[in-house]
Amino acid sequence: MAPNKVRYFIERAGTIVIAAATLLFPLASARAADPIKIGLSLSLTGATAPAGRRVQAGLDIWRDHVNAAGGLLGRPVELIYYDDQANPANAPGIYAKLMGIDKVDLLIGPYSTNIIAAALPAIIQNKRMTIGIFGLGANKQYKYARYFSMNSQGASPRNYSRGLFELALEQQPKPRRAALVGADVEFSRNALDGARENAKELGFEVVYERTYPLANTEYTAIARAMQAADAEV
């Protein structure tokens with residue numbers, strides 16, 4: 001995650017959590033010494049660990065800033081998070097623990113589309129609210145009214161590629177042959193679905209399409225295949 005997205009996350013996290021806390025906690029409902037417990041899972045190890053650790057750092061900065069200023073609604077903030085290891089199978093158990101054992105007051109996350117989608121059934125079953133972090137189309141199956149998405153690109157998968165295609169059409173000569181490539185995880189697959197729709201609407205021919213494992217670090221073969229397909233975008 002780029003530094004500007006970390007700053008965006010910190011600012012948005014503060015605004016949204018304050019709003020949620022104001023709605024959910026009457027001022028007289030707890031002693032001032034009782035912390036507001038906010039729980040989530042993060043990918044602190046695994047393929048998306050670099051981004052997960054940046055989200056953790058942003059939340060820690062926000063918590064320290066809020067607590068130094070007197071807390072949230074006059075109460076200190078306590079963050080409780082567990083490592084989901086970038087594995088969707090771990091998310092339901094983590095959120096069940098946050099709700100049933102840790103008794104958190106607010107939920108955030110998880111981070112990334114496939115982890116969010118895996119956690120949502122447990123959250124829905126308990127009728128809890130959560131704020132997904134940089135998920136794309138994670139709630140399309142459930143349409144759960146208490147799920148909110150924190151995503152700088154908006155909720156539509158088409159937003160991630162729309163600007164690229166529109167910019168390409170401003171070039172001379174106009175490119176018309178597109179390659180669609182992304183990681184084989186739900187976030188990227190949703191983004192590719194949006195790109196495919198944009199390409200069709202704007203008159204591009206998709207000449208090459210490929211997904212690759214999330215942990216992949218070698219892209220030479222993919223680049224050569226795109227070149228062989230004479231992709232322009």
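The values are calculated or read from the model by the stated rules, or taken from the named source; none is laboratory data. Treat the numbers as computed from the prediction; the structure is a model and nothing was measured. Heads up, the Cβs are rebuilt from the backbone with ideal geometry, glycines too, and the neighbour counts pull from every protein chain shown.
Table for the structure above
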{"item": "Test: residue in the stretch 92-101 that is more than 13 Å from the chain's Cα centre (by Cα) and modelled with pLDDT under 95", "result": "no"}
{"item": "Hits in the stretch 172-186 (condition: under 18 Å from residue 157 (Cβ atoms) and either charged (D, E, K, R) or in a strand (DSSP E or B) (or both))", "result": "178, 179, 180, 181, 182, 183, 184, 186"}
{"item": "Criterion (among the basic types (Lys, Arg), over 17 Å from residue 113 (Cα atoms) and either touching a Gly at 6+ places or on another chain (Cβ under 9 Å) or part of a loop (DSSP other than H, G, I, E, B) (or both)) met by exactly one of 196, 189, 210, 224", "result": "210"}
{"item": "Residue list for the stretch 140-159, restricted to those being closer than 20 Å to residue 51 by Cβ, part of a loop (DSSP other than H, G, I, E, B) and more than 10 Å from the chain's Cα centre (by Cα)", "result": "153, 154, 155, 157"}
{"item": "Residues being modelled with pLDDT under 95 and either among the basic types (Lys, Arg) or part of a strand (DSSP E or B) (or both) - total across the stretch 107-129", "result": "1"}
{"item": "Tally of residues being over 19 Å from the mean Cα position of the chain (by Cα), under 25 Å from residue 117 (Cβ atoms) and either of a type outside the set (A, V, I, L, M, F, W, C) or surrounded by fewer than 18 Cβ atoms within 10 Å (Cβ to Cβ) (or both) across the stretch 168-186", "result": "0"}
{"item": "Members of the stretch 149-167 found to be in contact with a strand residue (DSSP E or B) (Cβ under 7 Å, 6 or more places away or on another chain) and surrounded by fewer than 16 Cβ atoms within 10 Å (Cβ to Cβ), listed by number", "result": "155"}
{"item": "All positions within the stretch 194-218 that are within 26 Å of residue 85 (Cα to Cα) and not aliphatic (A, V, I, L, M)", "result": "210, 211, 212, 213, 216, 217, 218"}
{"item": "Subset of the stretch 39-91 (residues that are assigned to a helix (DSSP H, G or I), polar (S, T, N, Q) and under 16 Å from the mean Cα position of the chain (by Cα))", "result": "56"}
{"item": "Some residue of the stretch 213-231 being surrounded by 16 or more Cβ atoms within 10 Å (Cβ to Cβ), of a type in the set (Ser, Thr, Tyr) and either at pLDDT 95 or above or closer than 24 Å to residue 89 by Cβ (or both)", "result": "no"}
{"item": "Qualifying residue in the stretch 187-198 (condition: out of contact with any Lys or Arg (no Cβ under 6 Å at 6 or more places or on another chain), more than 23 Å from residue 225 (Cα to Cα), of a type in the set (Asp, Glu) and not assigned by TED's automatic domain parsing to the domain that holds residue 92)", "result": "no"}
